[in-house]
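Okay, structure first, notes after.
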Amino acid sequence: MAQHQDRNGRRLVIAVPYLWLLVFFLVPFLIVLKISFSQIAVAMPPYTPTFSLGEGWNGLVAAFKELSFDNYIWLTEDDLYIRSYLSSLWIAFVSTVITLLVGYPVAYGMARAPSHWRATLLMLVILPFWTSFLIRVYAWIGILKPEGLLTVVLQTIGILSPDEQVRVLNTTTAVYIGIVYSYLPFMVLPLYSALEKLDGSLLEAAEDLGCHPLKAFWVITFPLSLPGVIAGCFLVFIPAVGEFVIPDLLGGSETLMIGKTLWAEFFSNRDWPVSSAVAVILLLVLILPIVLFQRAQQRAQEREAG
Amino acid sequence: MNRGPSWFNITSMVMGFAFLYLPILILIIFSFNESRLVTVWAGFSTKWYGELFRNEGLMDAAWVTARVAFVSASIATVLGTLAAITLVRFGRFHGRTLFSGMVYAPLVMPEVITGLSLLLLFVAVNFDRGFWTVVIAHITFSMCFVAVVVQSRLVSFDASVEEAAMDLGCPPGKTFFVITLPIILPAVISGWMLAFTLSLDDLVIASFTTGPGATTLPMKIYSQVRLGVTPEINAVCTILIALVTIGVVTASIVTKRQEIERKRAEAAAVRADEPQQV
């Protein structure tokens, strides 16, 4: 009896979050997939459904014959979409590399700091991560805009003449700054946790044996911190590809990013089928990095569990 | 690592932290600026804060946001904790791979996709959009963050304590509330806080899933930011930053104190054991 109850309890614990994610995470994707195959209509909701599950198997077969690939064909015909995907991937890639270059020395310094400082330093990295994304991006507008703080500072120290202004806001450079700034904590935290575990005596041994510190870094420190590097890069790269707020607020009209394109397609053009198709392709583009990220996470978990 | 930091390390840390904090500091400073211009300092003033509290639209949005964040964080914490227990304690079961996939994927899923797909679900089932659709959307992505936070705590503590309780005849449900929950409580609390701030911050998912009468603060801020930088927005942001900072710092002090107490209790237990061992 008690055994039976245990099993039921266990089933319940699994079932509740499982069903929730199934209904609100997986099923919505299937709906997006379905709508991406339907036609736009001037109605509410603004699409003609391709098929409804109520018609059973025959309905399904009939529907497959009528599936419309128009939206996908449209995506290949207008080069706006392809350019958006490519430029999103490129911007995310460049930003990830810059974030790694900025974040690594910070994480390294934190890991070498005296242990009674570390909790405070960690807190200082985590704190901006808790502060609103929107607020942090907004803070940069005031700095980067033509009559903004950066111009004032550069004019005061004489790098710019009084009638010159910085032209950074509404350019891709501003998007890079925004992404690096917003995602830096995501990079520093996994790097720090990898570097903190590193055994300092390995480096001492290498140096005692005459290894140059820089070489010791490349041969010992960097390879051992690789799990942190991988986790950090995925945590920056994947969400950056689909970023909307940063390119919208800091980027200009020449900054194409797929999140922005999807948003415009949905809210301005009200073309739900095409925005669904954009989402499906974006997901396909990201599926490989997402699966790799999950694998890395699982392996890290198993290592920790011993 | 046990070696001290070099000058290079200290410089890179100082520059890194300056990069992280200067923009926020500047934003806070200019919220106290007398002038409407956000780049020219014209003297100290708190008038923008007064203006803020008279702005009814903004206040309404703040109230909606606080309610959404509280409800969604609370439900997400329960669901996320259950998900973490499932992943850590239940070993292999049918559909585990799919489940862990669904827990990790929302962590990195672009918000535009999550938002769009949930909206299409609500439209497909004809669910009236508004407060509850935003709450459901926020629960869905923040429960995964809670799951990860709680999971890391569950992995690090010894399951044999739970097994001992159950061997002595304690039912699993009671074991959870008497043994497991008190141990993982700090993680559960920080999971709740994380879910709360994630909900507080979210613009994209809320914009897709909201309906009439449920405009959240980030949506309000976003629509005003598009029109330009204003000291009122600086003031709202400063208040939000202050709230989050107080929350996070208090939580970390509480956790640290608990940790110290736990260590002291453990040390006392070891001392009490010693005479018997000798």
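The values are calculated or read from the model by the stated rules, or taken from the named source; none is laboratory data. Since the model is a prediction, treat every value here as computed from it, not as a measurement. In this analysis, Cβ positions are derived from the backbone assuming ideal geometry, glycine residues included, and neighbour counts consider all displayed protein chains. These area figures cover heavy atoms from the full protein model, side chains too; ligands, DNA and RNA do not enter into them. Shrake-Rupley method; radii C 1.70, N 1.55, O 1.52, S 1.80 Å.
Using a 7 Å offset from the Cα along the Cα-to-Cβ direction at both A:GLN298 and B:ARG257, what is the distance between the two label points in nm, to one decimal?
4.2
Accessible area per residue for chain B in Å², computed with a 1.4 Å probe and the full protein assembly in place, what is it? It would help to have the intermediate numbers written out before the result.
Working: 13210 Å² over 278 residues.
On a per-residue basis, 48 Å².
Please tell me the relative contact order of segment A:71-305 in percent, rounded to the nearest whole number, where contacts are Cα pairs under 8 Å and at least six residues apart.
Dividing the mean separation by the residue count of segment A:71-305 yields 28 percent.
Hey, what's segment A:257-306 come to in accessible area per residue, 1.4 Å probe, Å²? Present the calculation step by step, with values, prior to reporting the outcome.
Working: 2320 Å² over 50 residues.
Solvent-accessible surface per residue comes out at 46 Å².
Could you pull the accessible area for B:LYS174 with a 1.4 Å probe, rounded to 10 Å²?
Result for B:LYS174: roughly 120 Å² accessible.
Could you state how much accessible area is buried at the B-A interface, both sides summed, with a 1.4 Å probe, in Å² to the nearest 100?
Working: alone 17510 and 19130 Å², together 28090 Å².
Counting both chains, the buried surface is close to 8600 Å².
Describe numerically, in nm with one decimal, the distance between label points set 7 Å from Cα along Cα→Cβ at A:LEU33 and at B:LEU227.
Here the modelled spin labels are 4.4 nm apart.
Select from B:ALA61, B:THR133, B:TYR49 the residue farthest towards the positive end of the dipole of chain B; place +1 on Cβ of Lys and Arg, -1 on Cβ of Asp and Glu, and compute about the Cα centre.
It is B:TYR49, whose Cα lies furthest towards the positive end.
Using +1 on the beta carbon of Lys and Arg, -1 on that of Asp and Glu, and nothing else charged, what's the dipole of segment A:102-190 about the Cα centre, debye to 20?
Working: 5 positive and 3 negative charges, 77 e Å.
Dipole magnitude for segment A:102-190 comes out near 380 debye.
Could you check how much of the accessible area of the protein assembly as shown is carbon and sulfur, as a whole percent, using a 1.4 Å probe? The partial results should precede the final answer.
On the way: 18770 of 28090 Å².
Carbon and sulfur atoms account for 67 percent of the accessible area of the protein assembly as shown.
First measure r as the distance between the Cβ atoms of B:PHE53 and B:THR250, then evaluate 1/(1 + (r/R0)^6) with R0 = 25 Å and state the FRET efficiency to the nearest 0.05. Provide the component values of the computation, followed by the final result.
Working: r = 24 Å, r/R0 = 0.98.
About 0.55, to the nearest 0.05.
Could you give the distance between the Cα centres of segment A:163-222 and segment A:86-150, to the whole Å?
About 11 Å separates the Cα centre of segment A:163-222 from the one of segment A:86-150.
Across peptide A:104-114, how many C-beta atoms of other chains are within 10 Å of each residue C-beta, on average? Numbers along the way, then the final one.
On the way: counts 2, 7, 9, 3, 7, 12, 7, 4, 9, 6, 3.
Mean partner shielding for this stretch: 6.
Below 11 angstrom from the Cβ of B:ASP201, what's the summed charge of the other residues (Lys, Arg +1; Asp, Glu -1)? Before the final figure, lay out each step's value.
Details: positive: A:ARG136; negative: B:GLU111, B:ASP202.
Taking every other residue near B:ASP201 into account, the sum is -1.
Would you work out the relative contact order for chain B, in percent, from Cα pairs under 8 angstrom that are 6 or more residues apart? Numbers along the way, then the final one.
On the way: 264 pairs, mean separation 81.4, N = 278.
RCO, chain B: 29 percent.
With every protein chain left in place, what is the accessible area of A:TYR18 in Å² (1.4 Å probe, nearest 10)?
40
For segment A:266-306, what ratio Rg/Rh do Cα atoms give with a Kirkwood hydrodynamic radius?
On the way: Rg = 16.8 Å, Rh = 12.4 Å.
When Rh is taken as the Kirkwood radius, the ratio is 1.35.
Once the Cβ-Cβ distance between A:ALA15 and A:GLU254 is put in as r, and R0 is 51 Å, what FRET efficiency do you end up with, to the nearest 0.05?
Numbers: r = 50 Å, r/R0 = 0.98.
Calculated value: 0.55.
Can you give the Rg and Dmax of segment B:65-215 based on its C-alpha atoms, in angstrom?
17.1, 55
Across the residues of B:11-21, average count of Cβ atoms on other protein chains within 10 Å? Don't skip to the end; give the middle numbers.
Values: counts 2, 9, 11, 2, 4, 12, 7, 0, 7, 13, 3.
The mean count of partner-chain Cβ atoms within 10 Å per residue comes to 6.
So what is the calculated 222 nm ellipticity per residue for chain A, using -39500 (n - 2.57) for each DSSP H run with n of 4 or more, over all residues, to the nearest 500 deg cm²/dmol? The partial results should precede the final answer.
Working: 15 runs with 219 residues, N = 306.
Rounded to the nearest 500, the figure is -23500 deg cm²/dmol.
Mind ordering B:233-242, A:142-151 by average Cβ neighbours within 10 Å, highest first?
B:233-242, A:142-151
Helix A:272-305: angle to the longest alpha-carbon principal axis of chain A, degrees 0 to 90, nearest 10?
Taking Cα atoms only, the helix is inclined about 50 degrees.
Note down the relative contact order for segment B:65-215 as a percent, whole number, built from C-alpha pairs under 8 angstrom at least six residues apart.
Numbers: 169 pairs, mean separation 69.7, N = 151.
Over segment B:65-215, the number comes to 46 percent.
Report the FRET efficiency, 1/(1 + (r/R0)^6), for B:ASP60 and A:LEU202, where r is their Cβ-Cβ distance and R0 is 60 Å, rounded to 0.05.
On the way: r = 58 Å, r/R0 = 0.97.
The value I calculate is 0.55.
Using only Cα atoms, tell me the angle between helix A:172-196 and the longest principal axis of chain A; keep it within 0 to 90° and round to the nearest 10.
Compared with the principal axis, the helix lies near 70 degrees.
Place a +1 charge on the Cβ of each Lys and Arg in the protein assembly as shown and a -1 charge on the Cβ of each Asp and Glu, then give the dipole magnitude about the Cα centre in debye, rounded to the nearest 20. Could the numbers behind the result be given before it?
Values: 37 positive and 40 negative charges, 170 e Å.
Once rounded to the nearest 20, the dipole reads 820 debye.
Per the Cauchy relation, a quarter of the hull surface: what is the mean projected area of the convex hull of the alpha carbons in the protein assembly as shown, in nm²?
On the way: hull surface 136.9 nm².
So the mean shadow area of the Cα hull is 34.2 nm².
Starting from the eigenvalues of the Cα gyration tensor, five times each then square-rooted, give me the equivalent ellipsoid semi-axes of chain B, largest first, whole Å. Present the calculation step by step, with values, prior to reporting the outcome.
Numbers: eigenvalues 326, 168, 61 Å².
Its equivalent ellipsoid spans semi-axes of 40, 29, 17 Å.
Any chance you could look up the accessible area of B:ILE10 with a 1.4 Å probe, heavy atoms only, rounded to 10 Å²?
The accessible area comes out at roughly 60 Å².
With charges only on Cβ, +1 for K and R and -1 for D and E, what is the dipole size of segment B:65-215 about its Cα centre, in debye, rounded to 20? Kindly include the intermediate steps, with their values, before the conclusion.
Values: 7 positive and 8 negative charges, 32 e Å.
Here the size comes out at about 160 debye.
Restrict the search to segment A:214-306; then list the GluC sites (Glu not before Pro) that DSSP places in a loop and that have at most 13 other Cβ atoms within 10 Å of their Cβ. Walk me through the numbers before you get to the answer.
Working: sites: A:GLU243, A:GLU254, A:GLU265, A:GLU302, A:GLU304; in loops: A:GLU243, A:GLU254.
Taking segment A:214-306 and a limit of 13 other Cβ atoms within 10 Å, the loop GluC sites (Glu not before Pro) found are A:GLU254.
Please list, in order, the residues from segment A:241-275 whose amide nitrogen is less than 12 Å from a point placed 7 Å along the Cα→Cβ vector of A:TRP90.
A:255-257
With springs only between Cα atoms under 10 Å apart, run a GNM on chain A and tell me which of A:SER182, A:SER38, A:SER68 wobbles the most.
Greatest mean-square fluctuation among the candidates belongs to A:SER68.
Ignoring ligands, DNA and RNA, how do A:ARG295, B:ARG54 rank by accessible area with a 1.4 Å probe, largest first? Don't skip to the answer; put the middle values down first.
Numbers: A:ARG295 145, B:ARG54 170 Å².
Most to least solvent-accessible, the answer reads B:ARG54, A:ARG295.
Work from the charge dipole of segment A:71-305 (Cβ charges, +1 for Lys and Arg, -1 for Asp and Glu, about the Cα centre) and give the residue of A:PRO105, A:SER268, A:LEU249 farthest towards its positive end.
Result: A:PRO105, furthest along the dipole toward the positive end.
Between B:ASP158 and B:LEU181, how many nm apart are label points set 7 Å from Cα along the C-beta direction?
Once both label points are built, they end up 2.4 nm from each other.
Let me test this: with uniform point scatterers at the alpha carbons of segment A:71-305, what is the Debye-based log₁₀ I(q)/I(0) at q = 0.08, 0.13, 0.14 1/Å?
Here log10 of I(q) over I(0) equals -0.40, -0.92, -1.02.
Take peptide A:293-300, look around each residue's Cβ out to 10 angstrom, count Cβ atoms belonging to other protein chains, and average those counts.
Working: counts 4, 8, 1, 0, 6, 5, 0, 0.
Taking all residues of A:293-300 together, the mean is 3.
Between beta-carbons, use under 15 Å as the cut-off and find the net charge around B:GLY80, counting Lys and Arg +1, Asp and Glu -1. List each step's numbers first, then the result.
Details: positive: B:ARG89, B:ARG153; negative: none.
Result for the local shell: +2.
List the residue ranges in chain B for DSSP H helices whose C-alpha atoms run 15 angstrom or more along the long axis and whose Kyte-Doolittle average is 1.6 or above.
Working: long enough: B:7-31 (35 Å, 1.95); B:56-89 (49 Å, 1.24); B:96-108 (19 Å, 1.02); B:111-124 (19 Å, 2.22); B:131-156 (37 Å, 1.64); B:181-201 (29 Å, 1.65); B:231-277 (68 Å, 0.19).
Membrane-span-like by this rule: B:7-31, B:111-124, B:131-156, B:181-201.
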